[in-house]
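Presented below is the structure to which this report refers.
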Amino acid sequence: MLNHTNSLFLIVHAINSASVVPTLALVLSLLALFVLAVACMVFLIFFLKRRHQKNIDKKIQLQLAEANAQCKALREETDEKCKTLQKEALLEIKEQELKLHNEYKRKISEKEQEWKKNEDRLQQREDNLLIKEEQLLKNEDKLLKKEDDLSKKLEEQQKFTQNLVEKEKRLEEEKEKIANQHLLIQQELEKIAQLTTEEAKNLLKENILDETRREVLKEVRLIEQTARDEAENKAKNIISLAIQRCASEHTTEMNVSVVALPNDDMKARIIGREGRNIRALENATGIEFIVDDTPEVVILSGFDPIRREVARLALEKLVSDGRIHPARIEETVEKVKKELDKQIKEYGEAAVYELGIYNMHPEIIKTVGKLKYRTSYGQNIYKHSIECAHLAGTMAAELGLDINLAKRGALLHDIGKALDQEQEGTHVQLGVELAKRYKESAKVINCIMAHHGDEDPKTPEAVLVMAADTISGARPGARRESTTNYLKRLEQLESIASSFKGVEKCYAIQAGREVRVITKPNQIDDAQTLFLAKDIAKKIEAEMVYPGQIKVNVIREFRGTEYAK
């Protein structure tokens, strides 16, 4: 390599010394130098690559040796594990075989025991059949004897009937003789009394009718009095027992709700700019919001108790939250309505669970929950219905009647009052429609219709529902009414009693629980007073609506006065 370079330098030096400097020679020299450099670089790269390849081959051989050693070790380990697994599998198979063998033996023993029991039962049945066959043979003998006896008795009866026929013939002959004698006696009596038979009969009829009428009235009075005393004693015991076992709170009917505020500044926020917030509240709830000078209080006025409750809860949430604007008001009212619907359903489920009533439609249960927000004469209908159910169930248990029917009918008797503010019709009609729609039984529907006399009670349980409704509504403090209605009821009582013939004066006493009627003694006798009291009571029942019962007391007083001169 060095020789080649020296020769090239000598050639270049000779050319330069000869002073020949053409451009071609210079280019050739430079090209030769470049080729020589490239050849050197190629040789160096080939040498380094071969050396690197040798190193890589050595490393690969070392890795192959290590891999072979690891494969050997893994093969040995896998062989050992396979042997252990085979041993464990054999043990498990043997255990399973033992278990199956034991179970097979146990099943065979159980089947043998069953076969023995069946054999014993068959043997007993065979013995029983033999005994029955013996009894049947004995019964056949008895029947044969009875047939003989019956044939003898038939012969005797035939003889007896023949005797009766002969006696009847004799009696007819005697009757004819008596009739002839009766005609003769009657003719003689007509001559003596100077009256025909028809006139005598009419006189006898009048006298007998008067006497029988008085006697019947006396007997009726005695029978009714004894029956009334016994029924009253028994009814008092049953009712007192039912009232003792059941007691409920009383609530007062209100058409307004009051919401307390944290301060008077909240009133301005409730009203809003130009009254937009309070208008939004009234439109969303349908309730009137009264914001007056009363400190820290807002009054909600409305006749629908559910809407009033929605308005109250929504306003309390808005006040506690602090954000009061129309969009927030609508959102809160909708949320409260959903929560109240859920709460109403829970109230209905609680009532049904408390009374132990099952298989009731969910819509009826929800309607029962609505009664929580319905009142009548100041009495909460939800609590009134539960109380009636307890009372009716207790009385049904004492009388041995259907307790579940009595409770169900009493719970649903006022169910229509939850709908009478939304739909047209009386609460009885609405309750009957609801019960029919959700497939309640005819007996329950009769309980609903009969509790206000729209239909006669067809079952004893319906009568108990009427009694329970009366007891719950008539207890002191349960209901209240205004003074105007109270005075109207007293006036109506007195006008009904005075409308009958023979009444001189009448007075409504004991807060309208009793009406005393004084009769004219020359027009009504003692026997007619009882009928007059019944007629007045029936008219009161037909024309008036009242809680509890009204006692009609008819008084007849006759005074004989004379002066000695």
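Let's see how each residue does on (1) in contact (Cβ under 8 Å) with a residue 60 or more places away in the chain; (2) under 19 Å from Val368 (Cβ atoms):
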| site | (1), (2) |
| --- | --- |
| Asp420 | no, yes |
| Gln423 | no, yes |
| Leu430 | no, yes |
| Lys436 | no, yes |
| Ala442 | no, no |
| Ala450 | no, no |
| Ala468 | yes, yes |
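Restricting to the range 507-518, name every residue that is assigned to a strand (DSSP E or B) and open to solvent by less than 20 Å² (accessible area, probe 1.4 Å).
So in the range 507-518, the residues assigned to a strand (DSSP E or B) come out as 507-509, 514-518.
Hits for the range 507-518 are Glu514, Val515, Val517.
Determine if the range 365-381 includes at least one residue that is open to solvent by 10 Å² or more (accessible area, probe 1.4 Å) and under 8 Å from the mean Cα position of the chain (by Cα).
yes
May I ask you to list the residues in the range 386-421 that are in a loop (DSSP other than H, G, I, E, B) and either crowded, with 24+ Cβ neighbours inside 10 Å or of a type in the set (A, V, I, L, M) (or both)? It would help to see each step written out before you state the result.
First pass over the range 386-421, keeping only residues in a loop (DSSP other than H, G, I, E, B): 400-402, 413-414, 419-421.
Selection gives Leu401, His413, Asp414, Leu419.
Which ones in the range 164-200 are outside any helix (DSSP H, G or I) and at pLDDT below 65?
We begin by selecting, within the range 164-200, every residue outside any helix (DSSP H, G or I); these are 194-196.
Correct list: Gln194, Leu195.
Which of the residues spanning the range 438-463 are basic (Lys, Arg) and either under 15 Å from the mean Cα position of the chain (by Cα) or open to solvent by less than 60 Å² (accessible area, probe 1.4 Å) (or both)? Step through it out loud before you land on a result.
Taking the range 438-463 and keeping what is basic (Lys, Arg), we get 439, 443, 458.
Matches in the range 438-463: Lys439 only.
Give me the pairs, please: first residue somewhere in the range 313-325 and of a type in the set (Val, Ile, Thr), second residue anywhere and part of a helix (DSSP H, G or I) and open to solvent by 70 Å² or more (accessible area, probe 1.4 Å), beta-carbon distance under 7 Å, and either six or more positions apart or on two chains.
Within 7 Å, the pairs are Ile324/Arg269.
Scan the range 470-504 residue by residue and report those that are charged (D, E, K, R) and at pLDDT 85 or above.
First, pick out the residues of the range 470-504 that are charged (D, E, K, R): 475, 479-481, 488-489, 491, 494, 501, 504.
Across the range 470-504, the qualifying residues are Glu491, Glu494, Lys501, Glu504.
Exactly one condition in (1) free of Cβ contacts under 8 Å to residues at least 40 places away in the same chain; (2) open to solvent by less than 90 Å² (accessible area, probe 1.4 Å); (3) of a type in the set (S, T, N, Q) is false for Asn522; which is it?
Result: Asn522 passes all but (2).
Which of the residues that make up the range 271-293 are out of contact with any strand residue (DSSP E or B) (no Cβ under 9 Å at 6 or more places or on another chain), open to solvent by less than 80 Å² (accessible area, probe 1.4 Å) and outside any helix (DSSP H, G or I)?
Gly272, Gly286
Residues of the range 344-365 being part of a helix (DSSP H, G or I) and of a type outside the set (A, V, I, L, M), which ones?
Looking only at the range 344-365, we keep the residues that are part of a helix (DSSP H, G or I), and these are 344-355, 362-365.
Those that are part of a helix (DSSP H, G or I) and of a type outside the set (A, V, I, L, M): Lys345, Glu346, Tyr347, Gly348, Glu349, Tyr353, Glu354, Pro362, Glu363.
The values are calculated or read from the model by the stated rules, or taken from the named source; none is laboratory data. Just so it is clear, the structure is predicted and the values come from calculations on it, not from any experiment. Glycine also receives a Cβ, built like all others from the backbone with ideal geometry; neighbour counts cover every protein chain displayed. Heavy atoms of the whole protein, side chains included, go into the accessibility calculation; ligands, DNA and RNA do not. Shrake-Rupley method; radii C 1.70, N 1.55, O 1.52, S 1.80 Å.
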